[in-house]
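Asker: Let me give you the structure first, and then I'll get to my questions.
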Amino acid sequence: MTRARELLDLARRRKVMIATAESCTGGLIAGAITDVPGSSDIFDRGFVTYSNAAKRQMLGVREETLAAHGAVSEEVAREMAEGALRQSEADLAVSVTGIAGPGGSEHKPEGRVCFGLVREGKPTRTETVEFGPLGRARVRAATVAHALDLLVAALRG
C-alpha cells in the first residue's frame, strides 16, 4: 500500500481533513495525496508558497520571522503549517521549506528541508532533515515521502 493510500485510509477513518503548505516541493505533496482516488474525502487544500511574499500573504508568515531566520528554518516551517491550518478547513497540516538544489550554502546546504506539522488542539512540531546533495529531483521526492510519513504518524499517534 502506498503511503498516500495509507494516509487516505487513516484520515477517512478518523474523519480528519488535511492541508499542505509547500515551498521547495512546489505542490508535489498535494499531488501525491490527490493522485489517490477518493482523496477529496480527506484533502482540503494545498498552498504552494514558493516566494517569501506568498508565505506572508497566503499563510501569514511574519516578515520578522523571515528576516531573523530565513525561509529555510523551523521557525518559518512552524508558521507555514499553522497558517495552512488557520486558512483552511483542515484538522491537520504539514509544511515544507528547504533547499532542493542545486546549490545551497555553508549555512544552508543543499538537501536541508524543514518540516512543520500541526493538528487541531495539539502543539506544532518542527524538524529539520538533512537529505544531502542528492540532486533536486531526489531531494524533492525524499521530502514528499517524509511529509507523508509525518502525516501518517500523526494520525496513528
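The values are calculated or read from the model by the stated rules, or taken from the named source; none is laboratory data. What you are looking at is a predicted structure, and each value in this text was computed from that prediction instead of being measured. With ideal geometry, Cβ positions are generated from the backbone for all residues, glycine too; neighbour counts draw on all protein chains shown. Quick note on the areas: whole protein, heavy atoms, side chains included, nothing else; ligands and nucleic acids left out. Shrake-Rupley method; radii C 1.70, N 1.55, O 1.52, S 1.80 Å.
Asker: How big is the antiparallel share of DSSP beta bridges in the chain, given as a percent to the nearest 5?
Answerer: Close to 60 percent.
Asker: Grab every C-alpha pair in the stretch 1-117, bin the distances at 10 angstrom width from 0 up to the longest one, and report whole percents.
Answerer: All Cα pairs considered, the percentages come to 15, 44, 29, 11, 1.
Asker: So what's the convex hull volume per residue for the Cα atoms of the stretch 53-102, in Å³?
Answerer: Here the figure is 77 Å³ per residue.
Asker: Could you tell me which helices of the chain pass both thresholds, a Cα extent of 24 Å or more along their own axis and a mean Kyte-Doolittle hydropathy of at least 0.0, with helices taken as whole DSSP H runs?
Answerer: 136-156
Asker: For Cα pairs less than 8 Å apart in space and 6+ apart in sequence, what is the mean separation divided by the residue count of the stretch 50-157, i.e. the relative contact order in percent?
Answerer: Dividing the mean separation by the residue count of the stretch 50-157 yields 22 percent.
Asker: Take the Cα gyration tensor of the stretch 24-86, multiply each eigenvalue by 5, square-root it, and list the three semi-axes largest first, rounded to whole angstrom.
Answerer: Three semi-axes, in Å: 25, 11, 9.
Asker: Hey, what's the Cα Rg ratio for the stretch 80-119 versus the globular rule of thumb, 2.2 N^0.38 Å?
Answerer: The reported ratio for this selection is 1.45.
Asker: What percent does the relative contact order of the stretch 1-94 come to when contacts are Cα pairs within less than 8 Å and at least six residues apart?
Answerer: 34 percent
Asker: Okay, next question. Only loop residues by DSSP count here, and only those with at most 13 other Cβ atoms within 10 Å; note down the GluC sites (Glu not before Pro) in the stretch 79-133 that meet that.
Answerer: E89, E106, E120
Asker: Normalise the Debye intensity by I(0) for the stretch 55-155, one equal point scatterer per Cα, no solvent, then take log10 at q = 0.20 Å⁻¹ and round to two decimals.
Answerer: -0.98
Asker: Just report the Cα centroid separation between the stretch 1-39 and the stretch 101-157, whole Å.
Answerer: 15 Å
Asker: With a 1.4 Å probe and every protein chain kept in, tell me what percent of the accessible surface of the chain is carbon plus sulfur.
Answerer: Carbon and sulfur atoms account for 51 percent of the accessible area of the chain.
Asker: Under 25 Å from the Cα of K108, which lysines turn up, not counting those fewer than eight places away in the same chain?
Answerer: K55
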